[in-house]
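Report on the structure given below.
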Amino acid sequence: MNKKKLTAFQKILLQEKDVLEKQYRDLEEGNLHNSQSDFSGEMPFEEEYAASGTTTFERERDLSLSENVKDILKRVNEALDRIDSGTFGVCEMCSQPIPEERLKALPYANLCITCKQKEEKAFR
């Protein structure tokens, strides 16, 4: 991959990193402002059960979103490292080039489509 394309992918990844870091901070700050009863899902006895369920659902949703953002952020950082090391755009399993179309859709992809499908089949 030529330097111009690498620079373009690096710019996209850095922008994505900024967005993800902000999302992660927002999710974590929202969780820090919750009380201990919000963390555990416990509500005062006199409150309705529906309110307790809603709070628990929202907490679980936020935790799931936070973990997802953290995972994608890790993948973005790994892609930036691959740019620095000169291995960006090369499949980590078969060492073949990852098609540019795949990288445009998922710039932090580390596997070609064939190897990704093999990986997914192995986890089923």
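Filtering the range 93-108 down to residues that are on the phi < 0 side of the Ramachandran plot and over 19 Å from the mean Cα position of the chain (by Cα), which residue is surrounded by the most Cβ atoms within 10 Å (Cβ to Cβ)?
Filtering the range 93-108 for residues that are on the phi < 0 side of the Ramachandran plot and over 19 Å from the mean Cα position of the chain (by Cα), the one surrounded by the most Cβ atoms within 10 Å (Cβ to Cβ) comes out as I98.
Among the candidates T7, T56, which residue alone is among the hydroxyl-bearing types (S, T, Y), part of a helix (DSSP H, G or I), modelled with pLDDT of 95 or more and farther than 27 Å from K118 by Cα?
Going through T7, T56 in turn, just one is among the hydroxyl-bearing types (S, T, Y), part of a helix (DSSP H, G or I), modelled with pLDDT of 95 or more and farther than 27 Å from K118 by Cα: T7.
Which one of E21, E28, E42 is at pLDDT below 75 and of a type in the set (D, E)?
Matching residue, one of E21, E28, E42: E42.
The values are calculated or read from the model by the stated rules, or taken from the named source; none is laboratory data. From a predicted model like this one, the values you see are computed outputs, not experimental measurements. So basically every Cβ, Gly included, is an ideal-geometry build from the backbone, and we count neighbours across all protein chains shown.
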